[in-house]
Amino acid sequence: MKIKEKIKLDYNGLIKYGPINIVAFGDSVTHGAVAGSEINYETVYWNRLRKKILEVSNYIPVNVINAGIGGITSWDSVERMDSQVLSHNPDLVIVCFGLNDVNGELDRYLSALGIIFDKCIERDVDVIFLTPNMLNTYVADDTEEEYMDYAAKTAEVQNSGRMDRYIYSAVKLAQEKGVAVCDCYSKWKKLAETEDVTMLLANRINHPIKEMHELFAQLLFDIIFEEKTENIEIESTMFRENR
């Protein structure tokens, strides 16, 4: 059952089908990483998405499992699919990898994504490929000193077109498999035409500032519901007589 349908369940429907379960599957951005050693689970995109869904109707509980791990790649995450993703019987899996995969081989990235998508499809679980944000385009003066060399590397990855090639190839793969794409990367590219996107990265490398997580959340919400939603009348959660 799709979330836009499940959100309309009544008391009996909730008993039969249960709450909305979403698994966010990705790397450090999904994990909640900001700058330095800060992890913020309140401002991360999947929590913002959860709150947006509850604004439509707060009768149906919305559970989000955070299966993001900072520093991990899609390839190293394939073996986590059964135990950390599908075991939760999700209604939706949000897949967001690429920021670390771009340091490896493109074929391996696409192969891993293909396996992840196929596992969701085989289980008849809705899946959205969420493209990540851009990397930095230069080494900012306020980059932490210990990450200066890495910032230079990621800037080269972004400016050379390597990041574009990885993400656009992944988008093509998702489309070929019939997987919905929430293309935040293209939104960032558009922003880069008029704004300094490096300043939109909390660590000046690859972690969006807290406010930019709203972009991810809103685009995901729009894809899930496909149209503007109205507030839904809900049943009281007060005690009900047996009937």
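The values are calculated or read from the model by the stated rules, or taken from the named source; none is laboratory data. Quick caveat, the model's predicted, so the values are computed rather than measured. Cβ atoms come from the backbone with ideal geometry, glycine included; neighbour counts cover every protein chain shown. SASA here: full protein model, heavy atoms, side chains in, ligands and nucleic acids out. Shrake-Rupley method; radii C 1.70, N 1.55, O 1.52, S 1.80 Å.
Taking only region 180-197 into account, find how many residues are open to solvent by less than 20 Å² (accessible area, probe 1.4 Å) and of a type outside the set (Phe, Trp, Tyr).
The total comes to 3.
Scan region 16-34 and give yes if some residue there is open to solvent by less than 60 Å² (accessible area, probe 1.4 Å) and over 22 Å from residue 86 (Cα atoms), otherwise no.
Yes, the conditions are met somewhere in region 16-34.
From the list 77, 83, 87, which residue is buried (at least 17 other Cβ atoms within 10 Å of the Cβ) and outside any loop (DSSP other than H, G, I, E, B)?
77
Taking only pairs six or more apart or across chains, which ones have beta-carbon atoms under 7 Å, a first residue in region 218-233 that is at negative phi and part of a loop (DSSP other than H, G, I, E, B), and a second residue that is open to solvent by 40 Å² or more (accessible area, probe 1.4 Å) and modelled with pLDDT of 95 or more?
From residues that are at negative phi and part of a loop (DSSP other than H, G, I, E, B), the pairs are 232/8.
Run residue 14 past the list (1) more than 15 Å from the chain's Cα centre (by Cα); (2) closer than 30 Å to residue 157 by Cβ; (3) among the aliphatic types (A, V, I, L, M) and report the number of the one that doesn't hold.
In the conditions (1) more than 15 Å from the chain's Cα centre (by Cα); (2) closer than 30 Å to residue 157 by Cβ; (3) among the aliphatic types (A, V, I, L, M), residue 14 misses (2) alone.
Which of the following residues is surrounded by 15 or more Cβ atoms within 10 Å (Cβ to Cβ) and assigned to a helix (DSSP H, G or I): 155, 140?
Exactly one of 155, 140 is surrounded by 15 or more Cβ atoms within 10 Å (Cβ to Cβ) and assigned to a helix (DSSP H, G or I), namely 155.
Looking at residue 48 and the list (1) over 16 Å from the mean Cα position of the chain (by Cα); (2) more than 28 Å from residue 122 (Cβ to Cβ); (3) open to solvent by 50 Å² or more (accessible area, probe 1.4 Å), which single condition is not satisfied?
(1)
Only residues that are under 13 Å from residue 216 (Cβ atoms) and free of Cβ contacts under 8 Å to residues at least 40 places away in the same chain: list them for region 181-190, please.
The answer is 187, and nothing else.
Would you check if residue 154 is at negative phi and touching a residue at least 60 places away in the same chain (Cβ under 8 Å)?
no
Which residue pairs have Cβ atoms under 9 Å apart, sit 6 or more places apart or on different chains, and have a first residue in region 168-180 that is closer than 11 Å to residue 113 by Cβ and a second that is open to solvent by 70 Å² or more (accessible area, probe 1.4 Å) and assigned to a helix (DSSP H, G or I)?
These pairs meet every condition: 177/121; 179/121.
Restricting to region 95-137, what's the tally of residues that are open to solvent by 50 Å² or more (accessible area, probe 1.4 Å), without any contact (Cβ under 8 Å) to a residue 40 or more places away in the chain and under 21 Å from residue 85 (Cβ atoms)?
Qualifying residue count, region 95-137: 7.
Would you check if residue 35 is at negative phi and either of a type in the set (Lys, Arg) or under 13 Å from the mean Cα position of the chain (by Cα) (or both)?
Judged against the criteria, residue 35 is not a match.
Quick one: which residue in 173, 220, 200 is open to solvent by less than 40 Å² (accessible area, probe 1.4 Å), modelled with pLDDT of 95 or more and farther than 30 Å from residue 5 by Cβ?
The match here is 200.
For region 178-208, give me the residue count where each residue is over 15 Å from the mean Cα position of the chain (by Cα) and among the hydrophobic types (A, V, I, L, M, F, W, C).
8
Determine which member of the set 60, 116 is part of a loop (DSSP other than H, G, I, E, B), over 30 Å from residue 199 (Cα atoms), of a type outside the set (Gly, Ala, Ser) and touching a strand residue (DSSP E or B) at 6+ places or on another chain (Cβ under 8 Å).
Step by step, each of 60, 116 is checked, and only 60 is part of a loop (DSSP other than H, G, I, E, B), over 30 Å from residue 199 (Cα atoms), of a type outside the set (Gly, Ala, Ser) and touching a strand residue (DSSP E or B) at 6+ places or on another chain (Cβ under 8 Å).
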